[in-house]
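J.: Next up is a structure, given as structure tokens.
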Amino acid sequence: MIELKNVKKIFGSREDQIHAVNGVTLTINDGEIFGIIGYSGAGKSTLVRIINQLERQSAGDVIIDGRTMQSLSKKELIQERQSIGMIFQHFNLLWSRTVRQNIELPLEFAGVPKEERRKRSEELIRMVGLEGRENAYPSELSGGQKQRVGIARALANKPKILLSDEATSALDPDTTEQILDLLKEINEQLGITIVMITHQMEVVQRVCSRMAVMSEGVIVEEGTVKQLFEHPRHEVTKRFVQNVDDNLTIEELAEKLKTRYPDGQLLRLTFTGNNTDSATIANAIRKVSFPVSIVESNITDSAAGAYGVTYLHLYHGTDEEYNIFVESVVSENVIVEVL
Amino acid sequence: MGSALNIDQLLTAVWETVFMTFVSLFFASLFGLLIGILLYCTQSDGLLENRIINRIADVIVNVLRAIPFLILLILLIPITRALVGTMLGAKAALPPLIAAATPFFARMCVIAFQEVDKGTIEASKAMGASNSQIILKVLLPESMPAIVSGIAVTGISLVGYTAMAGAIGAGGLGNLAYMYGFARRNNAVLYTATVIIVLIVFAIQWIGDAIVKKIDKR
């Protein structure tokens, strides 16, 4: 269990202070995939670095499995870090080492004998699907393959926690999905706790069970992914959950759409994962005779169902017909709002 | 007056130049690397941040680099005498050569280290590496191409320095070119010595480039 208690981090001089993390209290349970989402500058990267003490907090406690991290000796901290893996946005592999040598690096740090290192790296190469590439150098790998090496390296010392700092932000959408699926698989097979820092809603939607939304150094909202999708309260959460455009607030987006589509009706559909039939919109369209167009959408399919928001424009219909459409959608456990 | 080239003399001079260059290059690389690591690790946000040690090392390196080599040669005469017992011959040139090349190479090491991706250092810390492990297993291998280039550049500078040292009695091709070629107006000796010096410089550059090409997997 990871417990953060009123953690603060202040950067800069006395005159020019930046409160990167400003009093975060958070509990992350064993075996869960916990997402921390926020825009850049929200303090989430600093927060994750405080967990393994790459950054030392200015105030507050970090307790992992009952051990208070900031009071560990240098030697104890090194040992503790060997049980906390970390993966990075830019992979941070050593160009001078092959895939296998990169994976064996943390084992070398831990003083694992050569033969055992070799055996362990074989296992890990198989686990992340890099068979045949063990003697390649990072410069010969694709981004997805590099992150697989990063994941294998992070798992080498059999950690109980994996910290992921924007691990999919530098990858294309397909590769992102593959890496997320791999992380999910690792979480399920090894029971490892994963803390995911991200600014991509689809990352949280796809793999996380619980999430926290971070803004300006504080956690503005926390709960299960489902809860936050169904009842986002804070403006930043709403922007992540409902928005399709990072540069606009929900209200601004609604206004923009209303000016663009002055006639007919504009609907916001929020999918929260419990709709059983993925053909919700198609089913509703079949019941009416007017045209429907999807104007904005950010739906992500996950194991639990579809998550995300879709904006629809209905036109050339009567209010009665619009109601039939809405009822059909609502009957499939999708939240509908008329704009 | 020998108008013809004395082969034995020439070979001795070549050997002296090669000896001075490579022995001093060896020690300058060793000491420079250590001082470079010290400078890099003690700088702000370094592995062992220490402002005082960093300032002191920095000032020493800068002062040594600022002194022209010819003056350094003279200034170090007492130290050379104490260490080597004489101030003449190729061996006597080693202390000033090393003293001149070490800070030069140390500076290049710092530049090489600064080019190492900070992310790999951070990742190593996150993996639970000690500082010495980070230096030996990450910092040095990841900066090796730049360090090898630095050694080659330092070696080339040293060839030039040996010629200067030669002019004041250290032997070698510089001495040969100056004493026999220039002072006795023997152009054959002057040009031969020059050509050989140029060839030694080219060889160092070529070997350096070849090693860099071989080890750089980026």
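The values are calculated or read from the model by the stated rules, or taken from the named source; none is laboratory data. Since we're looking at a predicted model, the values are computed, not measured. Here the Cβ is made from the backbone with ideal geometry for all residues, glycine too, and neighbour counts use every protein chain on show.
J.: Any chance you could count how many residues in region A:137-150 are closer than 21 Å to B:M127 by Cβ and in a loop (DSSP other than H, G, I, E, B)?
T.: 2
J.: Here are some conditions: (1) free of Cβ contacts under 8 Å to residues at least 40 places away in the same chain; (2) assigned to a strand (DSSP E or B). A:E327 meets all but one. Which one does it not meet?
T.: Every condition holds for A:E327 apart from (2).
J.: So which residues in region B:54-71 are under 23 Å from B:L34 (Cβ atoms) and under 16 Å from the mean Cα position of the chain (by Cα)?
T.: Going through region B:54-71, the residues under 23 Å from B:L34 (Cβ atoms) turn out to be B:54-67, B:69.
The answer is B:V61, B:N62, B:L64, B:R65, B:A66, B:I67, B:F69.
J.: Return the total of residues in region A:325-334 being crowded, with 16+ Cβ neighbours inside 10 Å and modelled with pLDDT of 85 or more.
T.: 5
J.: Would you call A:G143 more than 14 Å from every other protein chain (Cβ to nearest Cβ), of a type outside the set (A, V, I, L, M, F, W, C) and in contact with a helix residue (DSSP H, G or I) (Cβ under 7 Å, 6 or more places away or on another chain)?
T.: yes
J.: Check whether at least one residue in region A:8-19 is among the aliphatic types (A, V, I, L, M) and crowded, with 18+ Cβ neighbours inside 10 Å, and report yes or no. Explain how you work it out, then say what you get.
T.: So in region A:8-19, the residues among the aliphatic types (A, V, I, L, M) come out as A:10, A:18.
Subset that is crowded, with 18+ Cβ neighbours inside 10 Å: none.
Looking through region A:8-19, none of the residues is among the aliphatic types (A, V, I, L, M) and crowded, with 18+ Cβ neighbours inside 10 Å.
J.: Working only within region A:288-315, note down all residues that are part of a loop (DSSP other than H, G, I, E, B), at pLDDT below 85 and in contact with a Phe, Trp or Tyr (Cβ under 7 Å, 6 or more places away or on another chain).
T.: The one that is part of a loop (DSSP other than H, G, I, E, B), at pLDDT below 85 and in contact with a Phe, Trp or Tyr (Cβ under 7 Å, 6 or more places away or on another chain): A:I299.
J.: Still on this structure, please answer the following. With respect to the numbered conditions (1) over 24 Å from A:S45 (Cα atoms); (2) crowded, with 21+ Cβ neighbours inside 10 Å; (3) touching a Phe, Trp or Tyr at 6+ places or on another chain (Cβ under 7 Å), which one is the sole condition not fulfilled by A:V195?
T.: Going through the list (1) over 24 Å from A:S45 (Cα atoms); (2) crowded, with 21+ Cβ neighbours inside 10 Å; (3) touching a Phe, Trp or Tyr at 6+ places or on another chain (Cβ under 7 Å), A:V195 breaks only (1).
Let's see how each residue does on (1) under 21 Å from B:L97 (Cα atoms); (2) at pLDDT below 95; (3) more than 18 Å from the chain's Cα centre (by Cα):
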| site | (1), (2), (3) |
| --- | --- |
| B:A167 | yes, yes, yes |
| B:A170 | yes, yes, no |
| B:R184 | no, yes, yes |
| B:G208 | yes, no, no |
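J.: Please work out which residue is nearest to A:R49 (Cα to Cα), limiting yourself to region A:151-165 and to residues that are more than 12 Å from chain B (Cβ to nearest Cβ) and part of a loop (DSSP other than H, G, I, E, B).
T.: Looking at the filtered set, the residue picked out is A:K160.
J.: Among the residues of region B:161-176, is there at least one that is away from chain A (no Cβ under 14 Å) and out of contact with any Gly (no Cβ under 8 Å at 6 or more places or on another chain)? Let's see the steps before the verdict.
T.: Initial filter on region B:161-176 (away from chain A (no Cβ under 14 Å)): B:161-176.
Remaining after also requiring out of contact with any Gly (no Cβ under 8 Å at 6 or more places or on another chain): B:161, B:168.
Yes, that holds for at least one residue.
J.: Residues in region B:148-155: is at least one closer than 21 Å to B:F202 by Cβ, within 14 Å of another protein chain (Cβ to nearest Cβ) and touching a residue at least 24 places away in the same chain (Cβ under 8 Å)? I'd like the intermediate steps shown before the answer.
T.: As a first pass, look at region B:148-155 and keep what is closer than 21 Å to B:F202 by Cβ: B:148-155.
Narrowing the set further to residues that are within 14 Å of another protein chain (Cβ to nearest Cβ) leaves B:148.
Now narrow it down to the ones that are touching a residue at least 24 places away in the same chain (Cβ under 8 Å): B:148.
Yes: one or more hits.
J.: Identify, please: which residue in region A:229-251 is under 19 Å from A:D301 (Cα atoms), assigned to a helix (DSSP H, G or I) and at pLDDT below 80 and is, among those, nearest to the chain's Cα centre (by Cα)?
T.: A:V241
J.: Also, I was wondering about something else. Taking B:T162, is it surrounded by 18 or more Cβ atoms within 10 Å (Cβ to Cβ) and modelled with pLDDT of 95 or more?
T.: For B:T162, the condition - surrounded by 18 or more Cβ atoms within 10 Å (Cβ to Cβ) and modelled with pLDDT of 95 or more - is not met.
J.: Follow-up. Name the residues in region A:83-96 that are more than 7 Å from every other protein chain (Cβ to nearest Cβ) and touching a Pro at 6+ places or on another chain (Cβ under 9 Å), would you?
T.: A:S83, A:I84, A:G85, A:F91, A:L93
J.: Return yes or no: is A:I50 of a type in the set (A, V, I, L, M), buried (at least 22 other Cβ atoms within 10 Å of the Cβ), within 30 Å of A:S215 (Cβ to Cβ) and more than 13 Å from chain B (Cβ to nearest Cβ)?
T.: no
J.: Going through B:A167, B:A188 one at a time, which residue ends up being in a helix (DSSP H, G or I), surrounded by 15 or more Cβ atoms within 10 Å (Cβ to Cβ) and among the aliphatic types (A, V, I, L, M)?
T.: B:A167
J.: Going by what's in this entry, would A:E80 be described as farther than 30 Å from A:F11 by Cα and either facing chain B (nearest Cβ under 10 Å) or acidic (D, E) (or both)?
T.: Against the criterion (farther than 30 Å from A:F11 by Cα and either facing chain B (nearest Cβ under 10 Å) or acidic (D, E) (or both)), A:E80 does not qualify.
J.: Scan region B:116-131 and tell me whether some residue there is more than 30 Å from A:I51 (Cβ to Cβ) and either away from every other protein chain (no Cβ under 14 Å) or surrounded by fewer than 19 Cβ atoms within 10 Å (Cβ to Cβ) (or both). Quick ask: steps written out before the conclusion?
T.: Of the residues in region B:116-131, the ones more than 30 Å from A:I51 (Cβ to Cβ) are none.
No, region B:116-131 has no match at all.
J.: Whether any residue in region A:58-69 is of a type in the set (D, E), on the phi > 0 side of the Ramachandran plot and more than 12 Å from every other protein chain (Cβ to nearest Cβ) is what I want to check.
T.: yes
J.: Kindly check whether there is at least one residue in region A:213-228 that is part of a helix (DSSP H, G or I), over 30 Å from A:M127 (Cβ atoms) and either touching a His at 6+ places or on another chain (Cβ under 8 Å) or at pLDDT below 95 (or both).
T.: Yes; the residues of region A:213-228 include at least one that is part of a helix (DSSP H, G or I), over 30 Å from A:M127 (Cβ atoms) and either touching a His at 6+ places or on another chain (Cβ under 8 Å) or at pLDDT below 95 (or both).
J.: Against the condition buried (at least 24 other Cβ atoms within 10 Å of the Cβ), within 11 Å of the chain's Cα centre (by Cα) and of a type in the set (G, A, S), how does A:A152 come out, does it pass? Reasoning before the result, please.
T.: Details: buried (at least 24 other Cβ atoms within 10 Å of the Cβ): yes; within 11 Å of the chain's Cα centre (by Cα): no; of a type in the set (G, A, S): yes.
When the stated conditions are applied, A:A152 does not pass them.
J.: Take the conditions at pLDDT 90 or above and surrounded by 18 or more Cβ atoms within 10 Å (Cβ to Cβ) and apply them to B:V153. Does it pass?
T.: It is false that B:V153 is at pLDDT 90 or above and surrounded by 18 or more Cβ atoms within 10 Å (Cβ to Cβ).
J.: Restricting to region B:175-192, name every residue that is basic (K, R) and touching a residue at least 40 places away in the same chain (Cβ under 8 Å).
T.: Scanning region B:175-192 gives a single hit, B:R184.
J.: Something else about it: Answer yes or no as to whether B:L139 is surrounded by 15 or more Cβ atoms within 10 Å (Cβ to Cβ), within 12 Å of chain A (Cβ to nearest Cβ) and in contact (Cβ under 8 Å) with a residue 60 or more places away in the chain.
T.: Against the criterion (surrounded by 15 or more Cβ atoms within 10 Å (Cβ to Cβ), within 12 Å of chain A (Cβ to nearest Cβ) and in contact (Cβ under 8 Å) with a residue 60 or more places away in the chain), B:L139 qualifies.
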